[in-house]
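*Asks:* Here it is: the structure, laid out below.
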Amino acid sequence: MTGAGPDPAGRDPRVTAVVVTYNRRDLLLEALAAVHAQSRAPDAVIVVDNASADGTAEAVRTKFPPVHLAELTRNSGGAGGFAYGMALALADHADLIWLMDDDTMPEPGALEALLAARDRHPAPPPALVASRVLWTDGRAHPMNTPRTKPFVSKAERLTATAAGCTPIRSASFVSILVDAAECRRRGLPQADYFLWNDDFEFTTRLLRGNTGLLCPASVVVHKTATFAATNVDPGAERFFYEVRNKIWMLKTRAPLAPLERLAYSGSTVRRWARTFAGSHDRRALSSSLVKGISVGVRTSPRPTSEVLAGIGLKVPADDQP
């Protein structure tokens, strides 16, 4: 079996898959079937159901009884769902956590390729290894293209190449394998983001000073309804979260170094300009922009444990002090 290699205790690493879902029962069942069909299957699978109303929970219990199903009574968004699912994985002594959305379909060797790439990389191991994400027609999905690491050293680039990978600075929650020990050190995703930029904030925070890799040999299909990048008009409500969360992130020191914050601020303004240029309802986007800026500047995200407690969830303690 190809894996991440034995730990100092001489055992294979425990891999836990975490899938977050909301009202996409059929896609989730397809994704879980693909997860269980892996050439190297995960040791455990956690599904966080964000209070779906389409029979998701019952379908998972019926078709995949071994899955740990966390049924939330309120929708916590992707951010809250991944934060809670990762907390459950850490409490269950995961060594590696494989994160994915409910519309992510991993090809049979996807996890094995991620583990093999991690194996080939010299110590210290990468904090994160990401899959190559395609759309349903085989094209690279523009929504999930990891950001290449800027100013990477020649030695780091050669090391990544030897592992069959390229160095990255961030990735989306569409098939990434993260090191549980680094999650314990750096913390869970920011649950208060609800949706948008939660994966960008978490992965940049996780990878600051650490190694992240894109593994082209690990392939997943992201079954979004359309082939589109993040700068396509998302609608007024989602654009509010994009603006607020991006400002929250740029105010925080942990994810990005000062020069990175400057660079990403510029790229953010350009992306928003492209979103406005392609929108058919600029008045609604303008309102969301103003509101997002106001809330983002005046407030900061609450601690994840507080957010989850507010919807009746207690972050379980893991095996670390």
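Bear in mind these aren't lab numbers, they're just calculated from the coordinates by the rules spelled out. The shown structure was predicted, so the numbers you read here are calculated from the model rather than taken from an experiment. Heads up, the Cβs are rebuilt from the backbone with ideal geometry, glycines too, and the neighbour counts pull from every protein chain shown.
*Asks:* Binning at 10 angstrom from zero up to the longest distance, how are the C-alpha pair distances of the chain distributed in percent?
*Replies:* The percentages, shortest bin first, are 6, 27, 37, 24, 6, 0, 0.
*Asks:* Could you work out the relative contact order of the chain? I mean the mean sequence separation of Cα pairs under 8 Å and 6+ apart, divided by the number of residues, in percent.
*Replies:* 20
*Asks:* Same structure, new question: What translational D, rounded to a whole number of µm²/s, comes out for the stretch 260-321 from Stokes-Einstein when the hydrodynamic radius is the Kirkwood one over Cα pairs, at 4 °C and 1.567 mPa s?
*Replies:* The calculation lands on 86 µm²/s.
*Asks:* How high is the relative contact order of the stretch 236-321, given as a whole-number percent (alpha carbon pairs under 8 Å, six or more residues apart)?
*Replies:* 46
*Asks:* Of all DSSP beta bridges in the chain, what percent run antiparallel (nearest 5)?
*Replies:* Taking every DSSP beta bridge within the chain, about 40 percent pair in antiparallel fashion.
*Asks:* A further question follows. How about the stretch 247-321: which trypsin sites (Lys or Arg not before Pro) there lie in a loop by DSSP and see at most 14 other Cβ atoms within 10 Å?
*Replies:* 253, 314
*Asks:* How about residue 314: which lysines have a C-alpha closer than 19 Å to its C-alpha, ignoring those fewer than 8 places off in the same chain?
*Replies:* In chain and number order, there are no partners.
*Asks:* Then there's this: Could you tell me which trypsin sites (Lys or Arg not before Pro) in the stretch 77-172 are loop residues by DSSP with no more than 15 other beta carbons within 10 angstrom of their beta carbon?
*Replies:* Passing both the DSSP loop test and the Cβ count: 139.
*Asks:* Then there is this: Going by amide H atoms built from the backbone, whose H comes under 5 Å of the H on residue 18, apart from near neighbours?
*Replies:* 46, 98, 99, 100
*Asks:* On to the next question. I need the chymotrypsin sites (Phe, Trp or Tyr not before Pro) found in the stretch 125-215, filtered to DSSP loop residues with at most 16 other beta carbons within 10 Å of theirs.
*Replies:* When the chymotrypsin sites (Phe, Trp or Tyr not before Pro) of the stretch 125-215 are filtered for loop state and at most 16 Cβ neighbours within 10 Å, 151 remain.
*Asks:* Considering the dipole of the stretch 33-162 built from charges on the beta carbon (Lys and Arg +1, Asp and Glu -1) around the Cα centre, which of 38, 131, 158 is farthest to its positive end?
*Replies:* Of the options given, the answer is 158.
*Asks:* Among DSSP beta bridges whose residues both lie in the stretch 68-224, state the antiparallel percentage, nearest 5.
*Replies:* 70
*Asks:* Still on this structure: Just need the relative contact order of the stretch 69-151 here, percent rounded to a whole number, with Cα pairs under 8 Å and 6+ apart.
*Replies:* 14
*Asks:* Just grab the label-to-label distance for residue 59 and residue 91, each label 7 Å out from Cα along the Cβ direction, in nm (one decimal).
*Replies:* Once both label points are built, they end up 2.7 nm from each other.
*Asks:* If you don't mind, there's one more thing I want to ask. How far is it, in nm, from the label point at residue 273 to the one at residue 261 when both lie 7 Å from their Cα along the line to the Cβ?
*Replies:* With each label point 7 Å from Cα toward Cβ, the separation is 2.3 nm.
*Asks:* Taking the Cβ-Cβ separation of residue 161 and residue 71 as r and a Förster radius of 56 Å, what is the calculated FRET efficiency to the nearest 0.05?
*Replies:* Once rounded, the FRET efficiency stands at 0.80.
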